[in-house]
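The values are calculated or read from the model by the stated rules, or taken from the named source; none is laboratory data. As the structure is a computational prediction, the values presented were derived from the model and not from experiment. With ideal geometry, Cβ positions are generated from the backbone for all residues, glycine too; neighbour counts draw on all protein chains shown.
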Amino acid sequence: MLTSDALTILPSDEPAILSVTDAVNPYVKRAIEYWNGLRGERRFPARDELTLRGMAAILPYCVIVSIVDSGADYEYRYVGEEQRQAYGVQFKGLRLSKVEAAAPQLGMLLRGAYETVRAHGDPFVVRGRVASGSPDNKCLYHESVFLPLGATVVDHLLIVGVRVPQPFWDIPSNDLKVLVEKARA
C-alpha cells in the first residue's frame, strides 16, 4: 500500500522546475532525445508511437500515465521497476485518486505536475531532494522529466525519473552512470 511517507519532497528543498534543455541525468536526457525524435516538428508524439526497442535503455525509469476524463483522474498504465522500487509498491493500474486518498501530499504534487503537462502540452524537468521513506531515512536526489503524449491533445504522460544518493547537477555526465548504479544497489 502506498503511504504518505513512501517518497516525500522535503520542505527545505523545494524542487526546481526546469526546461528540458537543462536535464543532466543521462537517462532523463535519453528520454528527452527519444521523445524529441518521435515528435519531429509536432508539439508532442502520440502514445502509440512509443516502442519497447526505442525505450529499452529508459524503461526501468519510466511511468506511462493515461489521462481519464480530461484530467478528472489519471491511471498508471506502465510502471518501470526503478519507479516501483522508489515508491515501494506496484501501482500499475492504480488511479491517482487512490494515491491522493492514501498519501494526500504526494497526490497533490503529482496532480499538479500532471495537470500542468495535460493543460499546456509542454514538457518540463523537476529536480530536487526527497526523503526515501526507507528505515535509515536516507535522503535521495532526483531528476524527472514530464513529457506529453497524444495525437492532437495530450492523452498520456511519459515520466522518466532517476534517484541518486547525492546531488548530480554539477557532476560530469560521464560520472553520472556510476552514481545511478550506486543508487540501485
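Can you report the number of residues in the stretch 87-117 which are under 24 Å from E33 (Cα atoms) and out of contact with any Pro (no Cβ under 7 Å at 6 or more places or on another chain)? Explain how you work it out, then say what you get.
Taking the stretch 87-117 and keeping what is under 24 Å from E33 (Cα atoms), we get 110, 113-117.
From what is left, the residues that are out of contact with any Pro (no Cβ under 7 Å at 6 or more places or on another chain) are 110, 113-116.
Qualifying residue count for the region: 5.
Run Y34 past the list (1) surrounded by fewer than 15 Cβ atoms within 10 Å (Cβ to Cβ); (2) modelled with pLDDT of 95 or more and report the number of the one that doesn't hold.
Only one criterion is unmet by Y34, namely (1).
Between A46, A119, A86, A103, which is in contact with a Lys or Arg (Cβ under 7 Å, 6 or more places away or on another chain), among the small types (G, A, S) and in contact (Cβ under 8 Å) with a residue 24 or more places away in the chain?
Values: A46 fails: in contact with a Lys or Arg (Cβ under 7 Å, 6 or more places away or on another chain); A119 fails: in contact with a Lys or Arg (Cβ under 7 Å, 6 or more places away or on another chain); A103 fails: in contact with a Lys or Arg (Cβ under 7 Å, 6 or more places away or on another chain).
Residue meeting the stated conditions: A86.
In the stretch 56-81, how many residues are surrounded by 14 or more Cβ atoms within 10 Å (Cβ to Cβ), in contact (Cβ under 8 Å) with a residue 24 or more places away in the chain and not charged (D, E, K, R)?
Step one: list which residues in the stretch 56-81 are surrounded by 14 or more Cβ atoms within 10 Å (Cβ to Cβ), which gives 58-68, 71, 73-80.
Going one step further and asking which of them are in contact (Cβ under 8 Å) with a residue 24 or more places away in the chain, we end up with 58, 61-68, 71, 73-74, 77.
If we keep only those that are not charged (D, E, K, R) too, we end up with 58, 61-68, 71, 74.
Going through the stretch 56-81 one residue at a time, the tally reaches 11.
Quickly run through the stretch 87-101 and pick out the residues that are part of a helix (DSSP H, G or I) and crowded, with 16+ Cβ neighbours inside 10 Å. Lay out the reasoning, then the answer.
Going through the stretch 87-101, the residues part of a helix (DSSP H, G or I) turn out to be 87, 96-101.
Answer for the stretch 87-101, where residues must be part of a helix (DSSP H, G or I) and crowded, with 16+ Cβ neighbours inside 10 Å: Y87, L96, K98, V99, E100.
Could you go through the stretch 66-86 and let me know if any residue there is among the acidic types (D, E), closer than 19 Å to A31 by Cβ, assigned to a strand (DSSP E or B) and touching a helix residue (DSSP H, G or I) at 6+ places or on another chain (Cβ under 8 Å). If you could, list the steps in order and put the result at the bottom.
Applying the first criterion (among the acidic types (D, E)) to the stretch 66-86 yields 69, 73, 75, 81-82.
If we keep only those that are closer than 19 Å to A31 by Cβ as well, we get 81-82.
Applying the additional criterion that residues be assigned to a strand (DSSP E or B) yields none.
No, the stretch 66-86 contains no residue that is among the acidic types (D, E), closer than 19 Å to A31 by Cβ, assigned to a strand (DSSP E or B) and touching a helix residue (DSSP H, G or I) at 6+ places or on another chain (Cβ under 8 Å).
Kindly indicate whether A23 is surrounded by fewer than 20 Cβ atoms within 10 Å (Cβ to Cβ) and aliphatic (A, V, I, L, M).
Here the answer is no, as A23 does not meet what is asked.
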